[in-house]
1. Using a 10 Å cut-off around each Cβ of peptide B:100-112, what is the average number of partner chain Cβ atoms that fall inside?
2. Give me the compactness ratio for the range A:248-298, meaning the Cα radius of gyration over 2.2 N^0.38 Å.
3. How much FRET efficiency would the formula 1/(1 + (r/R0)^6) give for B:A191 and A:N220, where r is the Cβ-Cβ distance and R0 is 45 Å, rounded to 0.05?
4. Once you put a point 7 Å from the Cα of A:L281 and another 7 Å from the Cα of B:K136, both along the Cβ direction, what distance in nm separates them?
5. Given the rule -39500 (n - 2.57) for each run of at least 4 DSSP H residues, summed and divided by the residues of chain B, what is its mean residue ellipticity at 222 nm, to the nearest 500 deg cm²/dmol?
6. Before rounding to the nearest 500, sum -39500 (n - 2.57) across all DSSP H runs of length at least 4 in chain A and divide by the residue total; then give [θ] at 222 nm in deg cm²/dmol.
7. What lysines could a cross-link reach from B:K129, if we take a straight Cα to Cα line under 24 Å and drop same-chain neighbours fewer than 8 places away?
8. For chain A, set up a GNM with springs between Cα atoms under 10 Å and report which of A:L98, A:L137, A:L294 has the largest fluctuation.
Amino acid sequence: MSDDTLSGAKSPTARNLFNALQLDTRLLGMIGAFVFICLTFQVFTGDGNIFKALVNGNFLTPRNIFNLTIQTVSVAIMATGMVFIIVTRHIDLSVGALLATCSAIMAVTQTQFMPQWLGFELGNPLIWIAAIAVGLLAGVLIGAFQGWMVGYLGIPAFIVTLGGLLVWRNVAWFITSGQTIGPLDETFKKIGGIGGTLGTTWSWVVGILAAIAVLAMQYNGRKRAQAHDFPTKPLWAEGVISGLMVAMILGFVATLNAYEIPTRRLERMFETRGEIMPDGLVAGYGIPYSVLLLIAVAVVMTIVAQRTRLGRYIFATGGNPDAAELSGINTRFLTVKVFAIMGGLCALGAVVGSARLGFSTNDIGTLDELRVIAAAVIGGTALAGGVGTIYGAILGALIMQSLQSGMAMVGVDAPLQNIVVGIVLVLAVFVDIIYRKRTGD
Amino acid sequence: MATPLVEMKDMSISFGGVRAVDNVSVDLYPGEVVGLLGHNGAGKSTLIKILSGAYKADSGEVFVDGKKVEIESPRDARRHNIETIYQTLALADNLDASSNLFLGRELTTPFGFVDEHAMEAETRKIMAKLNPNFQKFHSPVKALSGGQRQSVAIARAVYFNARILIMDEPTAALGPHETQMVSELIQELKAQGLGIFLISHDIHDVFSLCDRLAVMKNGQVVGTAKTTDVTDDDVLGMIILGKCPKGAIPGPGALSSADAA
């Protein structure tokens, strides 16, 4: 109440201009929190007074931003699936364990099954493709099985996946006999992180294509709205938003490109190819393949959520399960589908996670279920169901990871780090509740 | 006599030993409004939920246009152009009006994606007819008033060329002006040849809107009558006592004269 009057009196025109942008205020809040966290760590990792530290801090360096993004990918991929699970009023506690099982299956497929039993030569491209296919299949089947128990047998998802947490963690143990499996296939490892990047030129190509796609989408959306005579935003507002998005995409690419491959590492890369590195050559990493994978997952999941019947039914079922059923939606089968998607995304998370390590370890993905749920919830997914966004979950994962690695950089004690993350989770949900009460949605 | 639009014959359904609907037969002709009356728990809502596909009957037959049909799910009911406005409205509160209107029957683009713009355009068209004041096309339904929510639920039932309309207490949550609008709508739909089952507690409503009425008690039909053949008091007697008056055709649930004495 008082807020409205205050800001209204301050400058009504600025407010009107701002409203014309029709931005999602919740998204803005999350971005604000993220920026605040980044700037805080930037100051704390820098020297001198605040202004100097903002410039010379270690947090917002290309190197750290690069690391931050590749550390976020695995959890962010799974968080997009968790959005669907939580939106349909379920929960999945088994994602970390399922990731471990998928990781173990893929590791065994590529290090033992394919080369030793089927006689494929190490490095054969079929190996990594088959490993991912087998892992995906396992993830989808296990997810579907859990979804079947929830949807058709009526066992609460909390129980099914709590059991799954124990089962799949130890199925992974069984498959690997508790050993670390590796080294993994060279190509497979590239999906994980620092070893697999697009390089500067292709990164720019991807960035520019993405920018063009964003502009085309904005233009199309506006044209279609006009074709139906719906009210549209003013042209300048569309321009501002499009400009911001393009700037963000290109800025992100420029940052990742600015992280230069260390000279010695570059030399070794040339050596393995049997070439000699030209003197004074500088090369940037560019976009990691894992980030491309995350972007692809985010785009597909957003399209599913907003533009397909499946997505509509997921949100309708979360909003009112009875209404969904009375509208002829098969909510039981929908539950199976949602958990199958989650399983498949756990497998993708396993690909990125194990590829980044180069091995499949016994404890891979431990506590990931909590990180994934926290990412989705911080990203605005309501546990009551019916509300949540894919981009929110990814931003939530990014916020969690920034907090964690930022505190590690500043030198906060390990127990304190987890205490802070726990408090932030509760606080984020509390703020969201207040926000929803105020806006009434 | 013409074939009834819908005929439900000897319907029964039990929940945990309780016969919620017990050997009930009702029918409905084109252009007719039939009121279903009875206490809470008399079995009215359960009966119409069988017709709308929400429940599956234990026994009994349903005929549409004289042909026997199997209604096993809400989809089946919709396929026979049976549309229902539930007492709870059955709206997904987190979605906007057009998403609710087309829920389960989305319009899609040639690529198979949901065509939001086309759905919004259609929603705007039908809402302009039903409730010209309706403007909140982008708000989630929970942000709407009771009357606006009701008009979304009605739009959903009417939009898809319903031939048989089931209205479960359509005016219970409405103010006088909105109740008037619903009454006018029922008259209009009736004139178009739809058959309407109207569940209501308001005897006054039933007499002003319905051609016939059927009264249920303890899962059974007490009797059916033309509204012109019975009085308010007769109907109250049917609801409260299960006593079938002279002008009505007694059902299995009617007090026998021996009981009455």
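1. Mean number of neighbouring Cβ atoms from other chains: 4.
2. On the way: Rg = 13.7 Å, N = 51, 2.2 N^0.38 = 9.8 Å.
Cα Rg divided by the expected 2.2 N^0.38 Å: 1.40.
3. Details: r = 43 Å, r/R0 = 0.96.
The pair B:A191/A:N220 has a calculated efficiency of 0.55.
4. Between A:L281 and B:K136, the label points sit 6.4 nm apart.
5. Numbers: 9 runs with 85 residues, N = 261.
Taken over chain B, the calculation gives -9500 deg cm²/dmol.
6. Numbers: 19 runs with 320 residues, N = 441.
Calculated mean residue ellipticity at 222 nm is -24500 deg cm²/dmol.
7. B:K142, B:K190
8. Result for chain A, Cα springs under 10 Å: A:L137 fluctuates most.
The values are calculated or read from the model by the stated rules, or taken from the named source; none is laboratory data. The shown structure was predicted, so the numbers you read here are calculated from the model rather than taken from an experiment. Because the Cβ atoms are built from the backbone with ideal geometry, glycine has one as well, and the counts that use them run over all protein chains shown. These area figures cover heavy atoms from the full protein model, side chains too; ligands, DNA and RNA do not enter into them. Shrake-Rupley method; radii C 1.70, N 1.55, O 1.52, S 1.80 Å.
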